[in-house]
Amino acid sequence: MPDALLLLTLVGLPFLGATAAGLLPTHARNAAAWLAGGTALVGIALVWAAYPTVAAGGVLRHEVAWMPSLGLNLVLRMDGFAWLFAGMVSGVGALVILYARYYMAADDPVPRFFAFLLAFMGSMTGMVISGNLIQLAFFWELTSLFSFLLIGYWHHLAAARDGARMALTITATGGLCLFAGVLVLGHIVGSYDLDAVLAAGDRIRAHPLYLPALILILLGALTKSAQFPFHFWLPHAMAAPTPVSAYLHSATLVKAGVFLMARLWPVLAGTDAWFWIVGTAGIATLILGAYIAIFQHDLKGLLAYSTISHLGLITLLLGLNSELAMVAAIFHIINHATFKASLFMAAGIIDHETGTRDIRRLSGLNRFMPFTARLALVAAAAMAGVPLLNGFLSKEMFFAEALSAEGPLPLLLDVLPAAATVASAFSVAYSLRFIHGAFFGPDPVDLPLTPHEPPTWMRFPVEILVLACIIIGLLPAATVGPYLDMAAHAALGAATPDYSLAVWHGFNLPLLMSLIALAAGVSLYLLLQRHLRKGEEGAPLIGGLQGQRMFERTMVFLSWRLARTLEGLLGTRRLQPQLRLVVCVAVLAAGWTVTLRGLGPGNLTPAGIDPVLALIWAIGAACALGAAWQAKYHRLVALILLGGTGLVTCVTFVWFSAPDLALTQLLVEVVTTILLLLGLRWLPKRLDVPGARPPEVITTTRRLRDLGIAAAAGFGMAGLAFGVMTRFPPEILAEHFLERAYTEGGGTNVVNVILVDFRGFDTLGEITVLAAVALTAYALLRRFRPAPDSVDVPEQQRDQSAYDIARPERREGDTVADWLLIPSIIARLLFPVIALVAVYLLLRGHDLPGGGFAAGLTASIALILQYMLGGTQWVEARLRVLPLRWMGLGLLLATGTGLAAWAFGRPFLTTYFTYAELPLVGTVPMASALLFDIGVFALVVGATMLMLIALARQSVRGHRAVAPRPADEPAAVTAPAATAMGDD
């Protein structure tokens with residue numbers, strides 16, 4: 001299989017599987033499990049297909065051009081180290097999926113669970129085989145997002161919601177730090193490509209920005225791997241279903257941080273700062289996590305803190321600045337994934353079959369679940385470092401490195417062997433508590449369920465992982481040796497040291513430390529029996545290190561005290577102060593930048609001003625000033641004057657031979673004016689009339705202040721534009737695009753070619769923002785309730801509301817209805833004509849004025865007319881608009897056009913054009929940009945209609961109370977054609 005297809009399939013298939021699983025019916029349990037399991041098995045097969053290449057020291061690499069000029073390409077890169085992690089992601093994932101099939105209850109929406117799990121699998125795979133640092137940061141944040149959804153899967157539980165929120169807050173904040181660090185690292189190297197970064201270690205360590213980059217990247221790594229002081233989020237994530245814990249919190253998510261540190265170890269390690277930060281965090285986490293684990297009463301809580309401790313062990317190894325410690329860290333990553341995933345599954349089996357995970361209620365399960373007990377016993381022994389099991393081997397390597405470590409802190413290095421032995425003794429103690437507390441002792445009483453062995457296939461994944469613990473422990477060199485050597489050489493290159501995976505190295509000091517730790521751990525557990533039987537919550541002597549309490553206090557400070565203080569200083573429920581603050585900040589930011597850059601008039605001589613154009617601009621200025629003045633008193637007049645300013649802008653575009661801009665400006669003015677009018681319909685009155693709110697008192701000081709801000713913003717923007725436009729002849733840019741528009745873009749309308757080809761990425765971003773704005777407006781208006789004085793029929797409509805213009809029979813004297821009937825019929829008959837004009841503008845846009853945006857606005861105007869004439873209910877009874885589908889189709893078409901370029905080995909959004917011979921038509925120019933333009937058209941139509949419908953629904957809410965009216969005033973009958981947005 002070609003490398004490109006293999007890598008793309010490995011990353012993309014889980015996301016496709018997640019989409020398919022999400023579309024399954026809620027209770028399609030078996031179908032979702034088969035789909036997820038098949039996806040994971042294909043992932044395993046793809047990983048194995050890559051083994052011959054990476055085993056020979058090769059690297060699978062595929063690069064897809066995205067924005068080559070900025071160095072932002074999509075790069076998939078798999079060496080031996082990435083292969084090892086990809087294998088764990090797919091292998092453990094397949095076992096977890098099988099386990100989850102039997103663990104999840106029949107009432108759970110299992111397809112949704114597997115959809116989240118597969119999406120997380122794809123995100124994790126994309127992260128480990130990313131060959132671009134920006135891309136790695138993107139997948140990094142995706143893992144945080146999907147882990148949030150998995151942890152909060154049982155969202156009806158408060159613990160699940162709180163745990164998911166805490167995990168997302170901590171890991172996503174660390175992800176932002178990582179992104180900032182990646183930007184700094186790319187700035188140092190001059191590239192975000194991982195190969196270039198890994199080859200620039202000396203330059204990075206010698207750069208003045210090394211320390212900021214190191215701190216930011218380590219913040220991301222330490223938060224993701226739950227290292228001190230960010231360790232507290234992991235235990236609260238145990239509210240997730242046990243398959244999530246077995247997958248995310250043993251083999252994948254929490255390994256992302258140590259993966260990143262190991263991935264960048266060749267370029268970031270080797271300094272005192274690395275030793276200080278990574279080593280200190282590692283040793284603190286190692287001891288603290290192991291100590292707290294002993295006193296946990298929840299089986300998953302015990303395993304969570306033990307996971308924190310083992311991650312601290314790996315972090316400490318990475319912080320020792322030793323190549324051999326790096327090898328030991330990779331080895332322990334493998335071993336930890338096997339015994340910890342199996343222990344989480346065993347804890348889930350106990351919970352599933354007994355109804356509880358509380359050690360204080362469990363005992364004697366060995367007689368009811370003998371096979372599960374033996375599996376858990378072997379896995380716990382591997383976690384404790386018992387000889388002839390895999391955990392013993394990597395822990396013995398850890399002891400050897402603790403004895404021979406070198407660094408800038410002699411005191412820490414002297415304490416390190418003792419600390420390692422103490423932490424290992426703690427691990428023995430909590431492993432004993434897990435086994436002895438759950439499986440030995442008297443028979444359990446008052447359990448929610450009668451304990452028994454789980455189904456065979458539910459226990460099968462545990463058996464596979466426990467078998468791996470035994471085989472690796474007995475035959476390490478023959479089983480895991482080749483894979484460890486491959487990963488170590490990929491991570492360290494020529495610096496890979498010689499090491500031995502033999503089971504017996506003679507009676508040496510590391511072995512003695514292991515034996516001391518085993519004996520001390522057993523003794524400690526026996527000594528703590530009286531305290532543990534009391535069932536007291538929490539571990540002694542660490543009351544001040546309750547991470548949850550610190551997190552909650554921080555969140556309360558940020559979301560309550562600090563937020564309230566800032567809201568009191570800067571916040572307001574009125575729009576004017578908010579706009580004033582935004583404009584002032586923009587003026588200050590622009591002024592500061594101009595001051596630093598020294599921007600002034602250019603060396604080009606401004607052209608003379610035509611008197612006619614000056615008169616047109618004077619009209620526009622008068623309209624703008626009038627709109628600003630009338631905005632305080634009469635909104636409708638202000639809106640009309642504002643439209644006049646827009647028309648002057650449109651005429652200006654025509655004057656300077658910019659028909660595309662003029663057409664778009666005109667259409668935008670029409671649509672925005674109508675939408676603003678419909679929005680003003682529901683705002684409270686501001687005139688001094690009976691029933692209206694008292695007019696706002698505006699002082700002279702406030703007027704002068706607002707005038708000063710407006711003048712600073714207006715003249716500042718004008719000066720900035722003048723300074724930019726007088727710096728080089730516009731012909732330089734014009735000639736550049738004129739020469740390339742047809743030869744490279746296939747169109748003679750240069751403006752449209754720029755939008756859909758040369759700057760297509762910008763246009764894609766803009767329509768995405770437009771979609772987000774439309775969705776936001778719709779969401780806000782769904783909860784919007786108009787002011788009481790605006791609910792009743794407007795006064796200007798009451799004279800017409802007695803006439804029913806929709807009735808075919810006419811009454812004598814119904815002159816108003818007669819006047820409105822003919823325009824309404826004509827406008828309805830014009831609907832297909834306007835739609836045809838929209839299609840015409842769309843199809844001609846690449847060569848003549850038009851395009852997707854103008855066509856979308858034209859089609860929107862046709863639909864808006866129907867709403868205005870017939871009302872909301874009349875239109876919805878005859879026409880299904882479905883704006884969300886229009887928006888989704890538009891985004892898919894626009895994005896799909898860009899992605900299609902990849903199939904031909906071209907950068908994203910590279911267009912293609914040719915000429916096609918059509919029967920009866922002849923030669924027709926065909927450009928792929930047309931599909932992009934159709935996407936723009938569909939999204940503009942959908943976004944406009946979504947906002948229109950959100951406004952229209954205000955008039956058809958059946959539960960809205962009618963505003964009180966005077967007793968002598970007759971009730972008004974609202975006619976469909978007389979209301980702005982439809983029938984009540």
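Nothing in this text is a laboratory measurement; each read-out follows from the coordinates by a stated rule. Since we're looking at a predicted model, the values are computed, not measured. Note: ideal-geometry Cβ built from the backbone for every residue, glycine included; neighbour counts use all protein chains shown.
Tabulated data
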quantity	calculated
Efficiency of FRET from Cβ geometry, residue 452 and residue 761, R₀ 51 Å, rounded to 0.05	0.30
Taking the chain and dividing mean pair separation by its residue count, relative contact order in percent (alpha carbons under 8 Å, at least six apart)	9
Cα→Cβ-extended label distance, 7 Å offset, between residue 16 and residue 594, nm	5.4
Distance histogram for the stretch 1-72 (every C-alpha pair counted, 10 angstrom bins, percent rounded to whole numbers)	17, 35, 27, 16, 4
Residue order, fewest to most beta carbons within 10 Å, for 553, 433	553, 433
Tail fraction, Cα-Cα pairs, the chain, threshold 38 Å, whole percent	58
Quarter of the Cα convex hull surface for the stretch 185-325, i.e. its orientation-mean projected area (nm²)	8.5
Alpha-carbon Rg with Dmax, taken over the stretch 278-401, Å	15.4, 49
Mean Cβ neighbour count within 10 Å, used as a protection proxy, ranking 269-278, 703-712, 346-355 highest first	346-355, 269-278, 703-712
When the convex hull of its Cα atoms is projected in every direction, mean area for the stretch 104-220 (nm²)	7.6
For the stretch 271-540, the spread of Cα positions along each principal axis, largest first, Å	58, 40, 32
Amide H partners (placed H, <5 Å) of residue 132, local residues excluded	75, 194
Interchain or long-range residues, amide H under 5 Å from residue 926's placed H	914, 915, 916
Distance in nm between pseudo-label sites at residue 880 and residue 903 (7 Å out along the Cβ direction from Cα)	2.9
Helix-only CD estimate at 222 nm, as mean residue ellipticity for the chain, using -39500 (n - 2.57) per DSSP H run (n ≥ 4)	-22000 deg cm²/dmol
Between 0 and 90°, nearest 10: helix 456-474 axis offset from the chain longest Cα axis	60
Cross-link pairs 224/340; 395/534; 255/300; 340/534 - those with Cα-Cα distance over 24 Å	395/534; 340/534
J(HN,Hα) series, the stretch 751-763, from Karplus relation 6.51 cos²θ - 1.76 cosθ + 1.60, nearest Hz, glycine and proline x	4, 5, 4, 4, 5, 9, 10, 4, 10, x, 5, 4, 5
Protection proxy ranking of 307-317, 747-757 - average other beta-carbon atoms within 10 Å, highest first	307-317, 747-757
Computed over the stretch 271-540: relative contact order in percent, which uses C-alpha pairs under 8 Å that are six or more apart	27
Theoretical FRET efficiency, 1/(1+(r/R0)^6), r = Cβ-Cβ of residue 920 and residue 783, R0 41 Å, to 0.05	0.15
Gap separating the Cα centres of the stretch 359-374 and the stretch 397-422, nearest whole Å	38
Distance between modelled label sites at residue 388 and residue 680, nm, 7 Å Cα→Cβ extension	8.8
The stretch 268-325: mean projected area of Cα convex hull, nm²	3.8
Size of electric dipole in the chain: Cβ of Lys, Arg +1 and of Asp, Glu -1, about Cα centre, debye, nearest 20	2100
Hz values of 3J(HN,Hα) by residue in the stretch 579-593 - Karplus curve (6.51, -1.76, 1.60), Gly and Pro given as x	5, 4, 5, 4, 5, 5, 4, 5, 5, 5, 5, 5, x, 5, 5
